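Asks: After the structure tokens below, expect a handful of questions from me.
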Amino acid sequence: MIKKTDLLTIDELSESDIFSILKKAMLLTNKDWQIEGNPLVANLFFEDSTRTHYSFSSAENSLGLKILEFNAGVSSVNKGESLYDTCKTFESIGAKALVIRHKKNEYYKELEGINIPIINAGDGTGNHPTQCLLDLLTIYQEFGSFKGLNVLIVGDISHSRVAHSDLKALTMLGATVKYSGPKQYCDDLDRYVELDEGIKAADVVMLLRIQYERDEKLKDLLPEEYLAKYGLTIERYNMMKGKAIIMHPAPVNRGVEIDSSLVEAPKSRIFKQMENGVQVRKAVLIRSLCK
Ligand code: CP
């Protein structure tokens, strides 16, 4: 049973819930906000992360929360403790919410008996709801609406929890989502378009990293071959519409899915997405912790 204070997948949020989080995030950009009582929050990252982990830490610090930073590598996970027992332990020692990233898809289905809010910071290839919300905020700030926008997602879609979450939300909000990149890593060929055609029509070109850690076979692709065939080269950048933007959830494989010189090009919003991540995560923590 999903608690109202959880955020496990983007599907749980209605259009009005999404706009309420985006508006709160925008308000928090210019407003100091403290959560009363400074509750303890545990960040449980069982899988590597830089942006999500530390933007949650940054958001928690700025809301005045006390933080328990869990390091799975030196924990009793190494003695065989289950995910459920680890979470129940943090609940027992005073955490008032859990932020969890785990490589197992839908890990949260094992956590039915946890009575404090769970915020999903990414599960395997399944869901990444806070990344989705920060992507939505970045697009909304740029275009003021989602209706009628063309979003092209390029790259390793089948392994991407970002693509899976963004597709659901963007479609619900009225955008059209197309896919491009290697066909063998596209899990919905009905959405597939040739890259140059897709780039010319897109308002948002969202690039995805090749997830070498999820598929050994991907290591056979040479970076320069990948860039020429499926990546955003300078030539393709020049085909983009005047007001179109580049997004990428990062980490970026520079010179593979994007020419390194384009990561900070005028059309790139890659670092803006990271800034927005802190505000969105503040809004999500407030939703989970404040009545
Ligand atoms: N975008 C994202 O989830 O990055 P991290 O894996 O570094 O958290």
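The values are calculated or read from the model by the stated rules, or taken from the named source; none is laboratory data. This is a predicted model, so every value here is computed, not measured. FYI the Cβ positions are ideal-geometry reconstructions off the backbone, even for glycines, and counts take in every protein chain you see. Ligands, DNA and RNA are excluded from the accessible area calculation, which covers all protein heavy atoms including side chains. Shrake-Rupley method; radii C 1.70, N 1.55, O 1.52, S 1.80 Å.
Asks: Can you tell which of T5, I35, A95 lies farthest toward the positive end of the dipole of the range 1-117, using +1 and -1 charges on the Cβ of basic and acidic side chains (Lys, Arg; Asp, Glu)?
Replies: Checked the options; the winner is I35.
Asks: If you don't mind, there's one more thing I want to ask. With a 1.4 Å probe and all protein chains left in place, how much accessible area per residue does the range 142-245 have, in Å²?
Replies: Details: 4770 Å² over 104 residues.
Per residue, the range 142-245 has an accessible area of 46 Å².
Asks: Mark the label point 7 Å from the Cα of T29 along Cα→Cβ and return the residues of the range 115-152 whose backbone N is within less than 16 Å of it.
Replies: Label zone hits: 133-146.
Asks: With both partners inside the chain, how many of the DSSP beta bridges are antiparallel, as a percent to the nearest 5?
Replies: Working: 1 of 34 bridges.
The antiparallel proportion sits near 5 percent.
Asks: While we're on this one: Picking from Y230, V205, V193, whose Cα lies most toward the positive end of the charge dipole for the range 185-291 (charges on Cβ: Lys, Arg +1; Asp, Glu -1)?
Replies: Result: V205.
Asks: Would you work out which of S82, S160, L63 lies farthest towards the positive end of the dipole of the chain? Charges go on Cβ: Lys and Arg +1, Asp and Glu -1.
Replies: Most positive-ward Cα: L63.
Asks: For the chain, which whole percent of the accessible surface, found with a 1.4 angstrom probe, sits on carbon and sulfur atoms? Write out the running numbers ahead of the final one.
Replies: Details: 6560 of 12830 Å².
Taking all protein chains in place, the chain shows 51 percent carbon and sulfur surface.
Asks: Let me ask something else. Rg and Dmax of the chain, Cα atoms, in Å?
Replies: Calculated on Cα positions, Rg and Dmax stand at 19.0, 56 Å.
Asks: By the scheme Lys and Arg +1, Asp and Glu -1, what is the net charge of all other residues having a beta-carbon under 14 Å from that of S261?
Replies: Numbers: positive: R236, R254, K267; negative: E235, E257, D259, E264.
Net of charged neighbours comes to -1.
Asks: Take each of the peptides 70-80, 117-127, average the number of other beta-carbon atoms within 10 Å over its residues, and list them starting from the highest. Don't skip to the end; give the middle numbers.
Replies: Details: 70-80: 11.5, 117-127: 22.8.
Put in order of decreasing packing, that is 117-127, 70-80.
Asks: Just read off the accessible area of M239 with the full protein assembly in place, 1.4 Å probe, to the nearest 10 Å².
Replies: 50 Å²
Asks: Over 10 Å intervals from 0, what percent of Cα-Cα pairs in the range 101-188 sits in each interval?
Replies: For the range 101-188, the binned pair fractions read 17, 42, 30, 11, 1 percent.
Asks: Got a sec to turn the phi values of the range 101-112 into Karplus ³J(HN,Hα) couplings, 6.51 cos²θ - 1.76 cosθ + 1.60 with θ = phi - 60°, whole Hz, x for Gly and Pro?
Replies: For the range 101-112, the Karplus curve yields 10, 8, 6, 7, 4, 6, 3, 5, 5, 8, 10, 4 Hz.
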